[in-house]
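The values are calculated or read from the model by the stated rules, or taken from the named source; none is laboratory data. The shown structure was predicted, so the numbers you read here are calculated from the model rather than taken from an experiment. Positions of Cβ are backbone-derived with ideal geometry, glycine not excepted, and every protein chain shown enters the neighbour counts. The area values use the complete protein model at the heavy-atom level, side chains included, leaving out ligands, DNA and RNA. Shrake-Rupley method; radii C 1.70, N 1.55, O 1.52, S 1.80 Å.
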Amino acid sequence: MSNSLSRRQLLAASVSGVLLPTALHAADRQAETPGQVTEPERTTAVAGTTDVIVCGGGPAGIATAISAARTGASVQILEAHGCLGGVWTSGMLSYVMDAEKPGLNAELPRRLEEMDAFRPSGPKNYIYDIESMKVLLEQMCDENKIKVQYHTRIVAVEKDASNRVRGVITESKSGRQAWRAHTVVDTTGDGDVGALAGCGWEFGRDQDCPCQPMSMMGIITASPEALQQFDRLKGGQTKDEFRAFIQKAGHDPSYAKPTLWYMGGSVAAVMMNHEYGVRPFDAAEVTAATIRSRRELYEICQGLKNLGGAWSDCRLVTTAEQIGVRDGRRIKGRYFVTVDDVRLGARHEDAICRSEFSVDIHAATKEANKKAAYGSGGVKAKPFDIPLRALIAADVDGLMMAGRCISGDFFAHASYRVTGNAVAMGEAAGVTSALAAQEGCLPQDVAWKGVSEKLQSLRKPVA
């Protein structure tokens, strides 16, 4: 029997109003390549137009949005998860590093302390309460009249004939939506927007893996006596002591330096696992890593509970919504931060922040982890400047980056990727994007003097 429809069948189907679409779609599929689906052309409604679109509401995204708004821009944040904060909140990081910097890096701990949600760890680092951080960031967006939409992923980028990014396309429960702005900022961490825009990018040590492992953060409960014993703030030796104790409970953790941050009462944050060789832009790989890591945290906590005594009430209270990613795409910018910048302590006229964190490379394999969980890769770091040019995409116009997806090599990234630096980068991206909108120019054409003066003004200490 022929697969085509007879004239009588088509007429009958058109009268019913039901069978015709099904019949025609079936006929269309005959012409398609096996294993592929051809989507029809469509028109997508514009859901909003602002001066600046911030793609991702993590540490870099929040800083970008707040700084842009405080510079006078209208701002829209598009966030994939159900809260602001990214790795701080949906990733449950619980610990901020290299944050001894002015501006938002100083404002956030001050406001968290007012909420009784802050614990210092030396001058550069601090522990915070995750739920308080969520509330604070939403409050700050409300104060600055920043629009936010959750549960929304970027799926395409709109560019004009001159290769300028004009906006992004998203998918959410509201369906497919278009968003337009004078400047788009990629603060997705993994460089999703830059990749969709067709920008060049690097990943891992040699374009592909080996890459840094992922870690699933968790919150556990046990007696204060048990948790305080291995509190990271008591010293680096607590990691080795905690590992030995976990081994005593019958589990050898996949991360050789398991870490516990005591958060008060009977609560602690933990980082106890590694997932090796996972590409953050491969959903199937990330899913498998998430399942494995959550299971490992659960099994460790069950083992600790079975030891009894001070650990008899140990439970895994919750795990992060998003597994922690160290290594993602690094989008090609108008300056490429290299290992030489790190070694030499580079200085730049357009410096927007200074990374003072070491080169922190976590073991790429289980075998390497057994010898050393992390190291510097032989690179002795000096505090180095990150220039504004590294935040401006090279292959398209109208796109900036902030956070760990800026333009740099594997070794430089291993230093600047921590969230204190992400916040400082976001401030610069926000100011530059806002000024570009006000002046009607591209980010690379904004005069450095104007960016520098506004950054200094926003970063003035609060009296």
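For VAL185, are the conditions met, namely being open to solvent by 30 Å² or more (accessible area, probe 1.4 Å), β-branched (Val, Ile, Thr), in contact with a Ser or Thr (Cβ under 7 Å, 6 or more places away or on another chain) and touching a residue at least 24 places away in the same chain (Cβ under 8 Å)? Break it down stepwise before answering.
Values: open to solvent by 30 Å² or more (accessible area, probe 1.4 Å): no; β-branched (Val, Ile, Thr): yes; in contact with a Ser or Thr (Cβ under 7 Å, 6 or more places away or on another chain): yes; touching a residue at least 24 places away in the same chain (Cβ under 8 Å): yes.
No, not satisfied.
Could you check the range 258-310 and list, in sequence order, the residues that are under 28 Å from GLY328 (Cα atoms), of a type in the set (A, V, I, L, M) and part of a loop (DSSP other than H, G, I, E, B)?
MET272, VAL278
Going through the range 348-361 one residue at a time, which ones are under 26 Å from TYR276 (Cβ atoms), open to solvent by less than 50 Å² (accessible area, probe 1.4 Å) and not in a strand (DSSP E or B)? Let's see the steps before the verdict.
Step one: list which residues in the range 348-361 are under 26 Å from TYR276 (Cβ atoms), which gives 355, 357-361.
Now drop any that are not open to solvent by less than 50 Å² (accessible area, probe 1.4 Å), which leaves 355, 357, 359-361.
Across the range 348-361, the qualifying residues are PHE357, VAL359, ASP360.
Report, by residue number, each residue of the range 333-347 that is touching a residue at least 12 places away in the same chain (Cβ under 8 Å), of a type outside the set (A, V, I, L, M, F, W, C) and surrounded by fewer than 18 Cβ atoms within 10 Å (Cβ to Cβ). Can you show your working first?
Initially, the range 333-347 is screened for residues touching a residue at least 12 places away in the same chain (Cβ under 8 Å), giving 333-339, 341-347.
Pick out the ones that are also of a type outside the set (A, V, I, L, M, F, W, C) and you get 333-335, 338, 341, 343, 345, 347.
Matches in the range 333-347: ARG334, THR338, ARG343, GLY345, ARG347.
Can you tell me which residue among GLU107, GLU79 is modelled with pLDDT of 95 or more and either surrounded by fewer than 24 Cβ atoms within 10 Å (Cβ to Cβ) or closer than 24 Å to VAL462 by Cα (or both)? Full working, then the answer.
Numbers: GLU79 fails: either surrounded by fewer than 24 Cβ atoms within 10 Å (Cβ to Cβ) or closer than 24 Å to VAL462 by Cα (or both).
After applying the criteria, what remains is GLU107.
Kindly state which helices (runs of 4 or more DSSP H) lie completely within the range 379-463 and contain at least 1 residues that are at pLDDT 95 or above and farther than 23 Å from LEU344 by Cβ.
Working: elements: 410-416, 419-439, 448-458.
Hits in the range 379-463: 419-439, 448-458.
Mind checking which pairs have a first residue in the range 223-246 that is over 21 Å from LYS370 (Cα atoms) and a second that is open to solvent by 40 Å² or more (accessible area, probe 1.4 Å) and of a type in the set (Val, Ile, Thr), Cβ under 8 Å, 6 or more apart or different chains?
LEU227/VAL267
If you check every pair at least six apart or on different chains, which have Cβ atoms under 9 Å apart with a residue in the range 362-385 that is closer than 13 Å to GLU275 by Cα and without any contact (Cβ under 8 Å) to a residue 60 or more places away in the chain first and a residue that is part of a loop (DSSP other than H, G, I, E, B) and of a type in the set (S, T, N, Q) second?
none
Of (1) open to solvent by 50 Å² or more (accessible area, probe 1.4 Å); (2) more than 18 Å from the chain's Cα centre (by Cα); (3) not hydroxyl-bearing (Ser, Thr, Tyr), LYS101 satisfies all except one. Which?
(1)
Pairs under 9 Å by beta carbon, first residue in contact (Cβ under 8 Å) with a residue 12 or more places away in the chain and of a type in the set (Ser, Thr, Tyr) in the range 273-298, partner part of a helix (DSSP H, G or I) and open to solvent by 20 Å² or more (accessible area, probe 1.4 Å), six or more apart or different chains?
TYR276/LYS366; TYR276/ALA368
Which residue out of VAL135, VAL155 is farther than 27 Å from VAL193 by Cβ, under 19 Å from the mean Cα position of the chain (by Cα) and free of Cβ contacts under 8 Å to residues at least 60 places away in the same chain? Spell out the reasoning first.
On the way: VAL155 fails: farther than 27 Å from VAL193 by Cβ.
Of the residues listed, the single one that is farther than 27 Å from VAL193 by Cβ, under 19 Å from the mean Cα position of the chain (by Cα) and free of Cβ contacts under 8 Å to residues at least 60 places away in the same chain is VAL135.
Determine whether the range 134-155 contains at least one residue that is assigned to a loop (DSSP other than H, G, I, E, B), crowded, with 17+ Cβ neighbours inside 10 Å and among the aliphatic types (A, V, I, L, M). Break it down into steps so the answer makes sense when it comes.
As a first pass, look at the range 134-155 and keep what is assigned to a loop (DSSP other than H, G, I, E, B): 144-146, 150-152.
Pick out the ones that are also crowded, with 17+ Cβ neighbours inside 10 Å and you get 146, 152.
Next, from what is left, pick out any that are among the aliphatic types (A, V, I, L, M): 146.
The answer is yes, given that some residue of the range 134-155 is assigned to a loop (DSSP other than H, G, I, E, B), crowded, with 17+ Cβ neighbours inside 10 Å and among the aliphatic types (A, V, I, L, M).
Within the range 425-446, restricting attention to residues that are among the acidic types (Asp, Glu) and open to solvent by 20 Å² or more (accessible area, probe 1.4 Å), which residue is farthest from ALA181 (Cα to Cα)?
Narrowing the range 425-446 to residues among the acidic types (Asp, Glu): 427, 439, 445.
Right, trim to open to solvent by 20 Å² or more (accessible area, probe 1.4 Å) and you get 439, 445.
On the way: GLU439: 14, ASP445: 17 Å.
Checked the range 425-446; the qualifying residue farthest from ALA181 (Cα to Cα) is ASP445.
Looking at the range 249-296 only, could you name the residues that are open to solvent by 60 Å² or more (accessible area, probe 1.4 Å) and under 19 Å from ALA368 (Cβ atoms)?
Hits for the range 249-296 are ASP252, ARG279, ARG292.
So for the range 114-124 (the condition being within 22 Å of LYS454 (Cα to Cα) and open to solvent by less than 40 Å² (accessible area, probe 1.4 Å)), does at least one residue qualify?
Here is the first cut: in the range 114-124, the ones within 22 Å of LYS454 (Cα to Cα) are none.
Looking for residues that are within 22 Å of LYS454 (Cα to Cα) and open to solvent by less than 40 Å² (accessible area, probe 1.4 Å), one finds none in the range 114-124, hence no.
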